[in-house]
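Engineer: Once you've had a glance at the structure underneath, I'll fire off some questions.
Derivation of every value follows stated rules applied to the coordinates shown; laboratory data play no part. Not measured: the values here are computed from a predicted model. We place every Cβ from the backbone using ideal geometry, glycine too, and count neighbours over all the protein chains shown.
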Amino acid sequence: MELVVTDLGCARGGRVVLQGIGFRLSAGQALVLRGPNGVGKTTLLRTLAGLQPASGGAISMPPEALAYAGHADGVKSTLSVAENLAFWGAVHGMHDIGPALAAMGLQGLRDRRAGQLSAGQRRRLGLARLLVTGRPIWALDEPTVALDKASVGLFAAMLHGHLAAGGAAVIASHTGLGLGPTPELDLIGFLPRRPPRGGAFDGAFDGAFT
Amino acid sequence: MTALFLRDLRLAVRAGGGFGLGLAFYLLVVVLVPLAIGPDAAVLARIAPGVLWVGALLACLLSLDRLFALDFEDGSLDLLVTAPLPLEGVVAAKALAHWVVTGLPLTLMAPVLGVMLQLGAGGAVWLVVSLALGTPALSVIGAFGAALTVGVRRGGLLLSLLVLPMYVPTLIFGAEVVRRGAAGLEFGGALVFLAAITLGALALLPYAAAAALRVNLR
């Protein structure tokens with residue numbers, strides 16, 4: 001199980017926002033993506049998840065190995081916590097939701113309608129979903145937003161368990177994750193190189209006639 | 001896929017899910033027509049097949065914009081695309097769930113409303129048959145339209161403009177089956193065409209809808 005990204009380029013709305021990204025993630029490793037708002041963290045994660053095509057480069061990983069968790073949690077308000085998890089479990093062929101409920105401290109809320117959860121509880125439900133996917137690589141977009149200190153601890157424990165079991169994770173975040181020392185990748189170094197003003201056009205003309 | 005189908009059924013019957021909305025709308029449309037036209041039995045019997053079919057079309061349209069839009073808004077659609085399900089299967093399961101909560105109840109309720117429009121017993125039988133054959137096409141064509149407009153803000157109106165023209169063949173042959181059935185004429189040809197449109201739509205449109213979803217999620 002290994003995620004290898006080579007010379008990857010990502011585009012959003014037809015505009016290349018990142019290029020030349022390369023990293024290698026083996027079992028048991030986590031990588032935190034850093035960078036200011038709008039640098040392309042979400043775009044990179046969506047590209048890794050296969051939700052949008054890469055504008056260049058290559059992503060190599062086993063098929064159906066990646067579980068994506070974006071800003072929206074994919075939680076249905078009119079279903080209960082247990083029904084939400086059971087649905088995603090059934091989709092991924094995992095029918096035991098007990099460990100996932102326990103990992104994010106949701107046992108007491110299992111019959112509560114998801115629409116009545118607070119933002120933090122809803123996020124915990126969204127994160128618990130990762131466990132019922134059974135997939136080794138997690139791509140997480142700002143996972144700790146709306147979580148209180150105790151819940152961040154639960155999340156860190158769940159992630160440590162996942163890594164110890166041979167999983168891996170790519171996490172976009174600009175807050176503390178409570179993970180201890182983790183390799184980081186600052187995306188500011190992968191902004192597209194813009195051609196110098198005017199120069200590229202002249203050069204193309206010269207090239208065409210020589 | 002079964003899980004997705006069952007989830008959509010469950011969401012539809014929970015509070016705010018929209019089950020019954022289409023039925024109530026159908027009932028109202030069909031009740032309004034005799035009020036507007038007047039109680040002339042001969043006229044009502046003549047327009048009954050068309051009114052019952054147009055009403056079914058509009059009732060079906062009412063719940064279409066929720067088909068993918070709700071899943072798109074809460075992020076479920078992203079997760080379904082990355083799930084180990086073929087996206088074509090996702091579309092088919094959702095279209096089937098839509099048919100079970102709108103098309104099927106409309107089909108069952110239509111003969112009761114037919115009485116209000118002086119539709120005879122012969123017509124009522126063929127009304128049920130034609131709706132049972134035709135409404136699956138309405139759901140799957142609608143799913144294609146909903147996939148095209150997912151992500152468009154207030155896409156409901158655009159969806160209606162896209163989908164209603166595609167409903168025309170089903171409407172023509174569906175209403176024709178009822179008209180001929182009620183008049184005791186030969187209707188085999190119209191029935192075969194109606195079934196053919198439904199089968200063609202079921203075979204092709206899940207692929208088209210899945211392609212449209214992939215483009216819209218980028």
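Engineer: Can you list the lysines whose alpha carbon sits under 28 Å from that of B:LYS94, skipping same-chain ones fewer than 8 residues off?
Structural biologist: Within reach: A:LYS76.
Engineer: With a 10 Å Cβ neighbour count serving as the proxy for reagent exposure, in which order, fewest first, do A:GLU64, A:GLU142 appear?
Structural biologist: A:GLU64, A:GLU142
Engineer: Now for a different question. Under a crude label model (7 Å from the Cα following the beta-carbon direction), how far is A:ASP7 from B:ILE172 in nanometres?
Structural biologist: 5.5 nm
Engineer: Just counting partner chain Cβ atoms within 10 Å, what average do the residues of peptide A:68-74 show around their Cβ?
Structural biologist: Per residue, the average neighbour count from other chains is 5.
Engineer: Restricted to Cα positions, what overall size does chain B have along the principal axes? Three whole-Å values, descending.
Structural biologist: Taking max minus min along each principal axis of the Cα atoms, chain B gives 56, 35, 29 Å.
Engineer: Could you line up B:TRP53, B:TRP126 from fewest to most neighbouring Cβ atoms inside 10 Å?
Structural biologist: B:TRP126, B:TRP53
Engineer: Using 1/(1 + (r/R0)^6) with R0 = 60 angstrom and r between the beta carbons of B:ALA183 and A:HIS71, what's the FRET efficiency to the nearest 0.05?
Structural biologist: Using R0 = 60 Å, I get an efficiency of 0.55.
Engineer: Stick to the Cα atoms of the stretch A:1-157, pair each with every other, and give me the Kirkwood hydrodynamic radius in Å at one decimal.
Structural biologist: 16.6 Å
Engineer: Arrange the peptides A:175-181, B:131-137 so that the one whose residues have, on average, the most other Cβ atoms within 10 Å appears first.
Structural biologist: Output ranking for A:175-181, B:131-137: B:131-137, A:175-181.
Engineer: Nothing charged except the Cβ atoms of Lys and Arg (+1) and of Asp and Glu (-1): what's the magnitude of the dipole of chain A about its Cα centre? Round to the nearest 20 debye.
Structural biologist: Rounded to the nearest 20 debye, it is 480 debye.
Engineer: Would you calculate a helix-derived [θ] at 222 nm for chain A, using -39,500 (n - 2.57) for each DSSP H run of n ≥ 4 and dividing by the full residue count, to the nearest 500?
Structural biologist: Computed ellipticity for chain A at 222 nm equals -9500 deg cm²/dmol.
Engineer: Still on this structure: What are the equivalent ellipsoid semi-axes of the stretch B:1-79, built from the alpha-carbon gyration tensor (square roots of five times its eigenvalues), in whole angstrom, biggest first?
Structural biologist: The three semi-axes for the stretch B:1-79 are 35, 11, 11 Å.
Engineer: How long are the semi-axes of the ellipsoid equivalent to the stretch A:18-90, from square roots of 5 times the Cα gyration tensor eigenvalues, in whole Å, largest first?
Structural biologist: Each semi-axis is the square root of five times an eigenvalue, giving 28, 16, 12 Å.
Engineer: Okay, next question. Hey, how many Å between the Cα centroid of the stretch A:28-45 and the Cα centroid of the stretch A:82-156?
Structural biologist: First find each Cα centre; the distance between them is then 21 Å.
Engineer: Okay, moving on. For the protein assembly as shown, compute Rh as the Kirkwood radius over C-alpha pairs and then the Stokes-Einstein diffusion coefficient at 20 °C and 1.002 mPa s; write the answer in µm²/s, rounded to an integer.
Structural biologist: In µm²/s, the coefficient rounds to 88.
Engineer: Another question about this same structure. Rank the residues B:VAL150, B:VAL112 as a footprinting-exposure proxy: fewest other Cβ atoms within 10 Å of their Cβ go first.
Structural biologist: Fewest to most other Cβ atoms nearby, the residues stand as B:VAL112, B:VAL150.
Engineer: To continue, here is another question. Which of the aspartates and glutamates could a cross-linker bridge to A:LYS149, judged by Cα under 20 Å and excluding same-chain residues fewer than eight apart?
Structural biologist: Within reach: A:ASP73, A:ASP141.
Engineer: Oh, and also: How much length is gained if the chain between B:VAL192 and B:VAL43 is pulled fully straight, taking 0.36 nm per residue apart and subtracting their Cα-Cα distance, in nm to one decimal?
Structural biologist: Fully extending the segment from B:VAL192 to B:VAL43 adds 50.8 nm.
Engineer: Run the simple label-point estimate for B:VAL100 and B:ARG10 please: 7 Å along Cα→C-beta, distance reported in nm.
Structural biologist: About 1.2 nm, to one decimal.
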